[in-house]
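The values are calculated or read from the model by the stated rules, or taken from the named source; none is laboratory data. None of these values were measured; they are calculated from a predicted model. Backbone-built Cβ (ideal geometry, glycine too); neighbour counts: all protein chains shown.
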Amino acid sequence: MMIDTQVKTKKRVADHGEVFTNQREVDAMLDLVQHECERLDSRFLEPACGDGNFLETILLRKLKLLEPYKKSEIEYIKNLYVLISSLYGVEILEDNTIKCRERLGSIAYSAFKKNFNENEAVLKAIKFILEKNIIHGDALTLMRVDGSNKPITFTEWSLINNKFQRREFTLEALLKNEANSEYNLFSVAGEEIYIPSPIKEYSLVPFMEIGQDV
């Protein structure tokens, strides 16, 4: 469900500058990059994602790309994971972070259930991906604010022969590349891509096993 209210409370505005973007503006801004919304694997990063206004709209637009896979549950699941893993966000408020994950997860799983039976493994995988991609942190300090005192890291998800490879990068490293005019994980389609060295790399995992070992 789209949220039209731009302010939750005056205190949140005063304490955190929290004002949500109106849906009209969200649509207008995304219309400018509609060609990216027409690619399943095009990555979007919202550095102050709130509870997910922008990311929800991107998700809804991209879900239309799954229509050709509705006749095959396996293909639908695989491409749904590609879609979900392309959405990234950072949010300083914990309740917004949780709400954003739940909001995106609910939409994605509801789309799956419209075509196929309940599948706990799919629901678990969606939640796992969103926990890695929607970060409770401060995009200005580049640090998590969940008490861990760790830098914000993002997971790159790459589908290779029906398996996913996970590599983790710090947000700081990605931004340094941007400052140096080098392309990175969130480069525009068609541009040369430069990706810094990952801080952690995982073994390939069959896409049907994503999130099943946690």
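Considering only residues that are in a strand (DSSP E or B) and touching a helix residue (DSSP H, G or I) at 6+ places or on another chain (Cβ under 6 Å), look in the range 70-91 and name the one that is farthest from Thr155 (Cα to Cα).
Keep residues of the range 70-91 that are in a strand (DSSP E or B), which gives 87-91.
With the extra rule that they be touching a helix residue (DSSP H, G or I) at 6+ places or on another chain (Cβ under 6 Å), the set shrinks to 87-89, 91.
Working: Leu87: 11, Tyr88: 9, Gly89: 11, Glu91: 16 Å.
Filtering first and then ranking leaves Glu91.
Provide a single number: the residues in the range 82-122 that are more than 15 Å from Lys70 (Cβ to Cβ), charged (D, E, K, R) and surrounded by fewer than 19 Cβ atoms within 10 Å (Cβ to Cβ).
Total meeting the criteria: 6.
Filter the range 129-143 for residues that are modelled with pLDDT of 95 or more and surrounded by 19 or more Cβ atoms within 10 Å (Cβ to Cβ) and give the result.
Ile129, Leu130, Asn133, Ile134, Ile135, His136, Gly137
Search the range 191-212 for residues being farther than 16 Å from Phe44 by Cβ, at pLDDT below 75 and of a type outside the set (A, V, I, L, M, F, W, C), and hand back the single one that is surrounded by the most Cβ atoms within 10 Å (Cβ to Cβ).
Here is the first cut: in the range 191-212, the residues farther than 16 Å from Phe44 by Cβ are 192, 194-212.
Cutting the leftovers down to at pLDDT below 75 gives us 192, 194-195.
Retained after the next criterion (residues that are of a type outside the set (A, V, I, L, M, F, W, C)): 192, 194.
On the way: Glu192: 7, Tyr194: 15.
For the range 191-212, the residue satisfying everything is Tyr194.
So, in the range 46-68, how many residues would count as being among the aliphatic types (A, V, I, L, M), closer than 29 Å to Leu142 by Cβ and modelled with pLDDT of 95 or more?
So in the range 46-68, the residues among the aliphatic types (A, V, I, L, M) come out as 48, 55, 58-60, 63, 65-66.
When the remaining residues are screened for being closer than 29 Å to Leu142 by Cβ, the result is 48, 55, 58-59.
Adding the requirement that they be modelled with pLDDT of 95 or more leaves 55, 58-59.
Of the residues in the range 46-68, 3 are among the aliphatic types (A, V, I, L, M), closer than 29 Å to Leu142 by Cβ and modelled with pLDDT of 95 or more.
Kindly evaluate Glu91 against the criterion of being touching a Ser or Thr at 6+ places or on another chain (Cβ under 6 Å) and among the acidic types (Asp, Glu).
Numbers: touching a Ser or Thr at 6+ places or on another chain (Cβ under 6 Å): yes; among the acidic types (Asp, Glu): yes.
Taking the combined requirement at face value, the residue satisfies it.
Kindly list, by first and then second residue, each pair from a residue in the range 73-97 that is under 12 Å from Phe112 (Cβ atoms) to a residue that is basic (Lys, Arg), limited to pairs with Cβ atoms under 6 Å and residues at least 6 apart or on different chains.
Close Cβ pairs (under 6 Å, with a partner that is basic (Lys, Arg)) amount to Leu83/Lys62.
Being closer than 17 Å to Arg61 by Cα, among the charged types (D, E, K, R) and at pLDDT 95 or above, is that true of even one residue in the range 108-122? Before you say what the answer is, go through the steps one by one.
Just the residues of the range 108-122 that are closer than 17 Å to Arg61 by Cα, to begin with: 108-112, 114.
Then keep just the ones that are among the charged types (D, E, K, R); that gives 114.
Subset that is at pLDDT 95 or above: 114.
Scanning the range 108-122 turns up at least one residue that is closer than 17 Å to Arg61 by Cα, among the charged types (D, E, K, R) and at pLDDT 95 or above.
Out of the range 117-169, which residues are among the hydrophobic types (A, V, I, L, M, F, W, C) and in a strand (DSSP E or B)?
If we filter the range 117-169 for residues that are among the hydrophobic types (A, V, I, L, M, F, W, C), which is where we start, we get 121-123, 125-126, 128-130, 134-135, 139-140, 142-143, 145, 152, 154, 157, 159-160, 164, 169.
Within the range 117-169, Ile134, Ile135, Met143, Phe154, Trp157, Leu159, Ile160, Phe164, Phe169 meet the criteria.
Hey, Asp95 hits all of (1) in a helix (DSSP H, G or I); (2) at pLDDT 95 or above; (3) of a type in the set (Asp, Glu) but one; which does it fall short on?
(2)
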